[in-house]
Structures are given as C-alpha cells and as structure tokens.
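Let me begin by presenting the structure, written as structure tokens, before commenting on it.
The values are calculated or read from the model by the stated rules, or taken from the named source; none is laboratory data. Small disclaimer: the values here were computed from a predicted structure and weren't measured. Please note: Cβ atoms are built from the backbone with ideal geometry, for glycine as well, and neighbour counts cover all protein chains shown. Just the protein is used for accessible areas: all its heavy atoms, side chains included, with ligands, DNA and RNA removed. Shrake-Rupley method; radii C 1.70, N 1.55, O 1.52, S 1.80 Å.
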Amino acid sequence: ERIVNAQVPARALLLRAVTTIKDGGTRALKANHVHLAARRYDKAIRYCSLVFLSYPHGPGGALFGTAPPDHRADAAWTPLVRLLVQCRLNLSMVMMRGEIRDHPGAILQAELAAAEVAALPSGGAS
C-alpha cells in the first residue's frame, strides 16, 4: 500500500524536476548560453526517460507504477509526455545554432519528438 500511495508524489516530483530543468534550459538559451541550454534540455529528457525504463517490477518500477512493456500501448498526452516532446524539440532547435551546429543530431531529436507524438492514440490529437 505504501508503494502504491507513493506513485502520485513520485510522478509529481519528477514532473516538477523536469519542468525546472527545462525552464533552466530556456533561461540559458535566452541568455545566449547555447551549450548550457543543450545540456539542460538533454538532462530533462533523461529525467523523463525514468518513467519508461524497464525495472524488475515493470516499466517505471514500483516507484512510478507499472505499465505495459511498450509504454505507448496505453499512452496519453500526459504532462510528462508533453514535456518530453517540448524538450526534444527545444534541443533540436539549440543543436541547429551556429555554436553547436549538429544538424544530424537536431534532425534525430525532431524525429524522436515526432515519433512520441505519432505513437499516441490519434497521433497525439486530443
């Protein structure tokens, strides 16, 4: 019971952490600290991935609750998925900047964002 009750706070804490990191990337980009912005967006993406990793008790483990092996099977446009897509698109934009100029990496991030949206029921439309 205690683990089940911890699911909501763990997701809420993760959502808050990802939002804070993403916002830090946005502030860094506005201050023209492109490399710092890229690192922050990348970190936010890695934090988002915690929910979708496989653990001994299923994806997300006991901490985040269980989900089917393919997290997209019952996916929804949740705040965490929205943040993941935003961070991937922001990272893609940053990677196109002259200071980094990693066009293949930028394209990959944009494609990964599009794949997340396309995998949602109705292609993300809600």
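Below are the figures for this structure:
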quantity	calculated
Count of region 100-117 residues which are of a type outside the set (S, T, N, Q) and open to solvent by less than 70 Å² (accessible area, probe 1.4 Å)	11
Residue, farthest from Pro79 (Cα to Cα), within region 18-51, restricted to residues that are of a type in the set (A, V, I, L, M) and free of Cβ contacts under 8 Å to residues at least 40 places away in the same chain	Ala31
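Listed here are the residues, each with its yes/no results for (1) modelled with pLDDT under 95; (2) open to solvent by less than 80 Å² (accessible area, probe 1.4 Å); (3) of a type in the set (A, V, I, L, M).
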residue	(1), (2), (3)
Thr26	no, yes, no
Leu36	no, yes, yes
Pro68	yes, yes, no
Ala73	yes, yes, yes
Thr78	yes, yes, no
